[in-house]
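Since the structure comes first, as structure tokens, the remarks are kept for the end.
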Amino acid sequence: MKKYALVLYAPVIHAGYLEFFKRHRNAKTLYILGRGIIDQFTELHKEIRALDPEITKKFVETLGIFEHIKVLKPNTITDLKDYKIITADEPISRRFAKKYLQKNKIVFDSIFLKWDEKNVYSRNLPKNAETSKTAFDRKMMKLALKESTGSGDWWRQVGAIIVKNKKVILRDSSHHLPSDHTPYIEGNPRDFIEAGKKRDLSTSIHVEQLLIAEAAKRGLNLNGSSIYVNVFPCVPCAQIISQSGIKKCFFQTGNAYLNVERVFRAAGVKLIRVK
């Protein structure tokens, strides 16, 4: 059996990392990305509240989980060449893997906490939405659900894809900015705000906004396209969708706030729940 190692970007240690360590405690070696590597992929190394990799190493050593813990440096990356790699499903780790681990077998696993979804998803669904059980729509919704697993938001993970002429042209999930690690380093302002209120006080960008902004950046025409999102859009996202040229909004669950249905109807956007 091929030996494997954990390789992690760890600007802060929280309960999500501890669960990750428990799941992969059979790995004998943990490599923590060092400064020389982090500097290549992110500006967050300037964040003074993020832990220094050497301090992270000393802390994890006290847990007694791994036989070997090393800080990975540019001149020691070749030490990984014979390992199967398990790393975090977050942007910095993915960029590192793409650049340096193309010949390794890699497994991506989440280091972010997820709230029990039965405590998250409300059921005040749109009253006038159509329903779809077609194979194509179910397949597209599965892709949106798959994208949602890439979200670092612990409360609600939302993924979406935009489809035009039966082809996926954009896909992503909701993220915190400037990084999914931000609320773990600085604290999450929404920890003290009732769900559904003061939505502007957040470090997260919703996936609908992210995709439409990406379309503008790339110069993509969204007229006549469809968006598949696993959770029904909030008010600001619905407003943006209604003005983007998207003509069909497919969803699976969620809560219809205020006059969202009216906004969609006025813009000629069909609401379709995929079952």
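Just grab the label-to-label distance for K105 and S132, each label 7 Å out from Cα along the Cβ direction, in nm (one decimal).
Roughly 3.7 nm, to one decimal.
Fully extended, how many nm does the chain gain between T76 and A15 (0.36 nm per residue separation, minus their Cα-Cα distance)?
Using 0.36 nm per residue and subtracting the Cα-Cα distance, I get 19.1 nm.
Label the stretch 4-109 by shape, choosing from rounded, prolate and oblate, from the square roots a ≥ b ≥ c of the eigenvalues of the Cα gyration tensor; if a/c is under 1.5 it is rounded, and otherwise prolate applies when a/b is larger than b/c, oblate when it is not.
The shape class here is rounded.
From the cross-link list K99/K133; K99/K166; K103/K164; K133/K167; K139/K217, which pairs have alpha carbons spaced over 30 Å apart?
Those over the limit are K99/K133; K99/K166; K103/K164.
Step through the residues of the stretch 157-173 one at a time and calculate ³J(HN,Hα) from phi using the Karplus curve (6.51 cos²θ - 1.76 cosθ + 1.60, θ = phi - 60°), rounding each to whole Hz and writing x for Gly and Pro.
My calculation for the stretch 157-173 gives 9, 10, x, 8, 9, 10, 10, 9, 6, 6, 10, 6, 9, 8, 7, 4, 9 Hz in order.
Quick check on the exposure proxy: order F251, F21 from fewest to most C-beta atoms within 10 angstrom.
The order, fewest Cβ neighbours first, is F21, F251.
Every read-out reported here was derived from the displayed coordinates using simple, explicitly stated rules and does not represent laboratory data. Nothing here was measured: the structure is a model prediction, and the numbers come from that model. FYI the Cβ positions are ideal-geometry reconstructions off the backbone, even for glycines, and counts take in every protein chain you see.
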